[in-house]
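**Student:** Questions regarding the structure given below will be posed in turn.
The values are calculated or read from the model by the stated rules, or taken from the named source; none is laboratory data. Quantities reported herein were computed from a predicted structural model and do not represent experimental measurements. Cβ placement follows ideal geometry from the backbone for every residue including glycine, while neighbour counts extend to all protein chains displayed.
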Amino acid sequence: MASSRLLLRAAKPRILDNIFSQQLLPHRSLSTTVSPSHHNEHQRNHQYHARNDYLNSWKPPKDPKEAQAKLSRLRRDYAMKRKDEIQKEALRIEGEERKAAKAAPKKAKAAQRQVAQEEFRQTLLKERAEKLKYHKMREQNHGEEERADSTSASSKFHMDR
């Protein structure tokens, strides 16, 4: 134990000297991660888009008539876009309604089919129960007849003697 302590004390300054003087491998960092992360690599190699000329391109017009014309063009463009959006929304709603209308009869038929299957199942169960009852009754009657036959046969046998 004492010898290991001595080794650690002796090795410690050399390790610290290496760390502080950066004599480790040049490509190796002091981070605790084993390999560089994909996200870190992406951040280092990120390329920005070129500057957009449209941004900050609007200059206020000097003439009020020109300003009015630009404003009316913008309003017209916005109204057309809005009209297109409303039309697309109406088409989407119409398509959903059409799908729902097609699905309604199918659901009704499926419900009827399910009711019919349940009725058929109940009928089969009822018939099965009736058959079982009939066979039990026959077995019981058959067993009573055998007992009656055996008792009458044994009484005949005793009478014959």
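**Student:** Find all pairs meeting these conditions: Cβ atoms under 8 angstrom apart; at least six residues apart or on different chains; first residue within the range 47-63 and touching a residue at least 60 places away in the same chain (Cβ under 8 Å) and surrounded by 10 or more Cβ atoms within 10 Å (Cβ to Cβ); second residue in a loop (DSSP other than H, G, I, E, B) and of a type in the set (D, E, K, R).
**Tutor:** Matching pairs, first to second residue: none at all.
**Student:** Could we say that A101 is among the aliphatic types (A, V, I, L, M), surrounded by fewer than 10 Cβ atoms within 10 Å (Cβ to Cβ) and modelled with pLDDT of 85 or more here?
**Tutor:** Answer is yes for this residue.
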